[in-house]
Amino acid sequence: MPFDFKRLAIPDVVLIEPQVFLDERGFFMETYKYSDFAAVGITEHFVQDNHSRSAMGVLRGLHYQNLPKAQGKLVRVVLGEIFDVAVDIRSARGIKREGNIPRAKGSAGYGKWVGETLSANNKKMLYIPPGFAHGFCVLSDEAEVV
């Protein structure tokens, strides 16, 4: 599997390290493969892709969507470095379990948060399921986030 999946203190949020193939030309990596993600329980069907550019110190978030438009997110940095945060708001919004996506009302993690440093250098990604608020702060001179 070209990914290492690590469940964080809130187990529904997953830190993902892709396998990076380096050579004299540069690097190659897979950034998403449904079968590998589904094998660890991430069955989200991503339907939208966003790209932002921000200056140092910019704080973006905390953003979320209510049902029926709740979205899971796969966040990665293509330039610079950010501190990325996911906050469990499932209980506050009454989000319920749909299929195998955890949206449990009365979530044990309600109000708790996890954060990770993501950068173009470390190439780590963060999966944030529906029912979480998401935001990040730019640590480098500028950052581009996908």
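A short reminder: the numbers here are calculations on the coordinates, not readings from a lab. What you are looking at is a predicted structure, and each value in this text was computed from that prediction instead of being measured. As a convention, Cβ positions derive from the backbone with ideal geometry for all residues, glycine included, and neighbour counts pool all protein chains shown.
Tabulated values for the structure
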read-out: Aspartates and glutamates with Cα under 14 Å of Lys73, excluding same-chain neighbours fewer than 8 positions away; value: Asp12, Glu44, Asp49, Asp84, Asp88
read-out: By average C-beta atoms within 10 angstrom, highest first, the peptides 113-119, 20-26, 39-45; value: 113-119, 39-45, 20-26
read-out: Mean Cα-pair separation over length for the chain, i.e. relative contact order, pairs under 8 Å, 6 or more apart, %; value: 34
read-out: Among (i) 49; (ii) 46; (iii) 23, the entry that matches percent of Cα pairs over 26 Å apart as calculated here; value: (iii)
read-out: Spin-label pair Asn50/Ser35, simplified geometry with 7 Å Cα→Cβ offset, distance in nm; value: 3.1
read-out: Dipole magnitude (debye, nearest 20) for the chain, charges at Cβ of Lys, Arg, Asp, Glu; value: 820
read-out: Whether the stretch 1-84 is rounded, prolate or oblate, judged on the alpha carbon gyration tensor where a/c under 1.5 counts as rounded; value: oblate
read-out: Modelled FRET efficiency - R0 25 Å, Phe83 with Val20, Cβ distances, 0.05 increments; value: 0.70
read-out: Selection from Tyr32, Ala133, Gly80, by position along the positive dipole direction of the stretch 3-145 (Cβ); value: Ala133
